Amino acid sequence: RWATHGEANDVNSHPHKVGSVTIVHNGIIENYIELKKLLEKEGYEFKSETDTEVACAVLDYLKNKKLWNNLEIIKEFSTYVKGSFALGIIFDDELDTLYATRCDSPLILGLGKNETLIASDIAAVIKFTKEYISLDNNDIVKLTQDKTEVYNKELELSCKEKQTVNWNIEQAEKGGYEHFMLKEIHEEEEVLYNTINEYVDTMETFLQKMPDFTKYKKIHIVACGSAMHAGLIGKYLFENYSDIETSVEIASEYRYKKVFYNHNDTLVILISQSGETADTIACLRKAKENGIDTLAIVNVVSSTIAREADKVLYIRAGVEIAVATTKAYLLQVAMLMLVNLKMMAEKSKIDDIELKATLNAFKTSPKVVKQILAQEDKYLEIAKMIHKDEDIFFIGRGIDYAISMEGSLKLKEISYIHSEAYQAGELKHGTISLIEDHTKVISIMTDEDLYLKTISNIKEVKARGADVILLTTPSLDNDYEFADRKIVLPEANKYLVPMLSIIPLQLIAYQVAKLRGCDIDK
């Protein structure tokens, strides 16, 4: 297994064994350096650079004290370490038993026929079973050939509800596509239909199924990575259409910062595909400790965030295997758009006629997604133009800047090209010095209120020799002399454009990575 700490080599890879204990580990032991120094004083020598070997040594150290049985040792372990962990543990004196425990890292039990499996996600065990158990923090599992026992943090036997996943092995396989990422992009039409179909039937059912937001005057959106970029689109929508002050925070920062809550009218929205993102879970608990209402937008039913939030809105993305999220991000944006429409309706910012028309546009949006996916030749042409570059810039204003950030992230995380997204108006404040002859600049221009300003910024980079790739809408399309390549989205309702804009950027990133010979899914 890959190493979280240290170089990815045989010494650092899992499993790790120290003394009479062997473990595999997902997560980060934050105080491992401090623990390592203490253990070295006890005579322990370390072979790897990992926090996992230190965690293993802590278990062995506790084992050697001979004060506890193996269950009690695992319980005691949690008092020594800080951070997150999901552990699979074997003790030499109990080789027919597999122990497992978790704290802020996901861990499930797959319930097969005559076998039980531990994994971070059901996708890993779907070949064997659709039935699983979700574990709570500090639960300890003891598995033998014929028995599965789950103990809570007080070491009391715990009765856990068995759950059944609603997708199958075919959805966890490539299905004829070359890569999972490409398959998952092409699933966007179907999963968008599934999600919209659940929440949007008639206007009346939509208004009933969405939560009541009337009391909220301030919203904090908290998320990581692509989910945070989706949150930036939510911020734009909530502020510009619903007049609700909104902040977007990276979860790893929010959990540690001082937050000034308005207790009676603040809502914290947590966005997470897995529902098990450790930093986002910590932010959820922080909000709840302060008596603040919480709403989760998640993909995985019965995940930690789904269970602990006050309200939940589920996206129906199914399983995502590729490391780069695509369809889940699209649905997160779609859900935030629906939340915004409910807020607008509550505040009389949209009348019934426009609301019905917009909801109907949502119901037909999968067809628009299909039209965008059909233009793959155009995306490949652009990929061939940029795949040999090592520096690429994305620019946009307003909501287009949020789209630029996600487009840039998709490109860099799978093609390893250095890519940055900038607010187009900030270029003149130093960044434009990085533009040279044939520097590729991908310009997002869908905001009708700001497009003239964006054109001025594009002309600035063009004047310094940039090759410009423009993504725009039919209403803003023109014979622009500055565009070396152009992508025009299909005609669509204005509320759908921020969601639809990302699809070409996902496919361009995929094609670039493929041309560069990258391992796209990992």
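Might you let me know whether segment 251-268 holds any residue that is touching a residue at least 40 places away in the same chain (Cβ under 8 Å), open to solvent by 10 Å² or more (accessible area, probe 1.4 Å) and within 26 Å of ILE122 (Cα to Cα)? No.
Take LYS388 and decide whether it is within 13 Å of ALA509 (Cα to Cα), outside any helix (DSSP H, G or I), open to solvent by 70 Å² or more (accessible area, probe 1.4 Å) and modelled with pLDDT of 95 or more. Yes. When CYS224 is tested against (1) open to solvent by less than 20 Å² (accessible area, probe 1.4 Å); (2) under 18 Å from LEU295 (Cα atoms), just one condition goes unmet, and that condition is (1).
Listed here are the strands (runs of 3 or more DSSP E) enclosed by segment 409-490 that have at least 1 residues being small (Gly, Ala, Ser): 418-423, 440-445. Condition (residue is in contact with a strand residue (DSSP E or B) (Cβ under 8 Å, 6 or more places away or on another chain), of a type in the set (Lys, Arg), open to solvent by 20 Å² or more (accessible area, probe 1.4 Å) and assigned to a helix (DSSP H, G or I)) applied to segment 311-318: is it met by at least one residue? Checking segment 311-318: not a single residue is in contact with a strand residue (DSSP E or B) (Cβ under 8 Å, 6 or more places away or on another chain), of a type in the set (Lys, Arg), open to solvent by 20 Å² or more (accessible area, probe 1.4 Å) and assigned to a helix (DSSP H, G or I). Of all the numbered requirements in (1) open to solvent by 40 Å² or more (accessible area, probe 1.4 Å); (2) over 17 Å from ASP104 (Cβ atoms); (3) polar (S, T, N, Q), SER247 misses one, and that requirement is (1). When GLU53 is tested against (1) in contact with a His (Cβ under 7 Å, 6 or more places away or on another chain); (2) of a type outside the set (A, V, I, L, M); (3) modelled with pLDDT under 95; (4) farther than 22 Å from ASN152 by Cα, only condition (3) is not met. In segment 42-71, the qualifying residues are those that are in contact (Cβ under 8 Å) with a residue 12 or more places away in the chain and under 18 Å from THR97 (Cα atoms), and the one that is surrounded by the fewest Cβ atoms within 10 Å (Cβ to Cβ) is LEU71. Restricting attention to segment 20-34, the residues that are free of Cβ contacts under 8 Å to residues at least 60 places away in the same chain, open to solvent by 10 Å² or more (accessible area, probe 1.4 Å) and touching a Phe, Trp or Tyr at 6+ places or on another chain (Cβ under 9 Å) total 2. Of the numbered criteria (1) touching a helix residue (DSSP H, G or I) at 6+ places or on another chain (Cβ under 6 Å); (2) part of a loop (DSSP other than H, G, I, E, B), the one THR246 fails is (2). If you check GLU190, GLU178, GLU184, GLU154 for being modelled with pLDDT of 90 or more, within 30 Å of MET499 (Cα to Cα) and part of a loop (DSSP other than H, G, I, E, B), only one passes: GLU178.
For segment 213-236, what are the residues that are of a type in the set (A, V, I, L, M) and either part of a strand (DSSP E or B) or within 11 Å of VAL268 (Cα to Cα) (or both)? Walk me through how you get there before you give the answer.
Let us first name the residues in segment 213-236 that are of a type in the set (A, V, I, L, M), namely 219, 221-223, 227-228, 230, 232-233.
Answer for segment 213-236, where residues must be of a type in the set (A, V, I, L, M) and either part of a strand (DSSP E or B) or within 11 Å of VAL268 (Cα to Cα) (or both): ILE219, ILE221, VAL222, ALA223.
Is there a residue being open to solvent by less than 20 Å² (accessible area, probe 1.4 Å) and out of contact with any Ser or Thr (no Cβ under 9 Å at 6 or more places or on another chain) anywhere in segment 94-101? Write out each step before concluding.
We begin by selecting, within segment 94-101, every residue open to solvent by less than 20 Å² (accessible area, probe 1.4 Å); these are 97, 99-101.
Okay, now just the ones that are also out of contact with any Ser or Thr (no Cβ under 9 Å at 6 or more places or on another chain), so 99-100.
Among the residues of segment 94-101, at least one is open to solvent by less than 20 Å² (accessible area, probe 1.4 Å) and out of contact with any Ser or Thr (no Cβ under 9 Å at 6 or more places or on another chain), which makes the answer yes.
Between SER443, SER475, which is closer than 20 Å to GLN375 by Cα and crowded, with 20+ Cβ neighbours inside 10 Å? Give the derivation first.
Numbers: SER475 fails: crowded, with 20+ Cβ neighbours inside 10 Å.
When all the criteria are applied, what remains is SER443.
Taken over segment 269-289, the criterion of being open to solvent by 30 Å² or more (accessible area, probe 1.4 Å) and either among the hydroxyl-bearing types (Ser, Thr, Tyr) or without any contact (Cβ under 8 Å) to a residue 12 or more places away in the chain (or both) is satisfied by SER274, THR277, GLU289.
Within segment 118-134, being part of a strand (DSSP E or B) and either surrounded by fewer than 18 Cβ atoms within 10 Å (Cβ to Cβ) or touching a helix residue (DSSP H, G or I) at 6+ places or on another chain (Cβ under 6 Å) (or both) holds for GLU131, TYR132. Just one residue in the set LEU450, LEU427 is over 16 Å from ILE386 (Cβ atoms), open to solvent by 40 Å² or more (accessible area, probe 1.4 Å) and either aliphatic (A, V, I, L, M) or under 25 Å from the mean Cα position of the chain (by Cα) (or both); that residue is LEU450. Comparison of GLU184, GLU173 shows that the only residue that is touching a residue at least 40 places away in the same chain (Cβ under 8 Å), closer than 30 Å to ILE508 by Cα and among the acidic types (Asp, Glu) is GLU184. For segment 343-380, residues that are exposed (fewer than 14 other Cβ atoms within 10 Å of the Cβ), among the acidic types (Asp, Glu) and farther than 23 Å from ASP212 by Cβ total 1.
The values are calculated or read from the model by the stated rules, or taken from the named source; none is laboratory data. Just so it is clear, the structure is predicted and the values come from calculations on it, not from any experiment. When we count neighbours, we look across all protein chains shown, and the Cβ atoms used for this are built from the backbone with ideal geometry, even at glycine. Remember, those area values only see protein heavy atoms, side chains included, never the ligands or the DNA or RNA. Shrake-Rupley method; radii C 1.70, N 1.55, O 1.52, S 1.80 Å.
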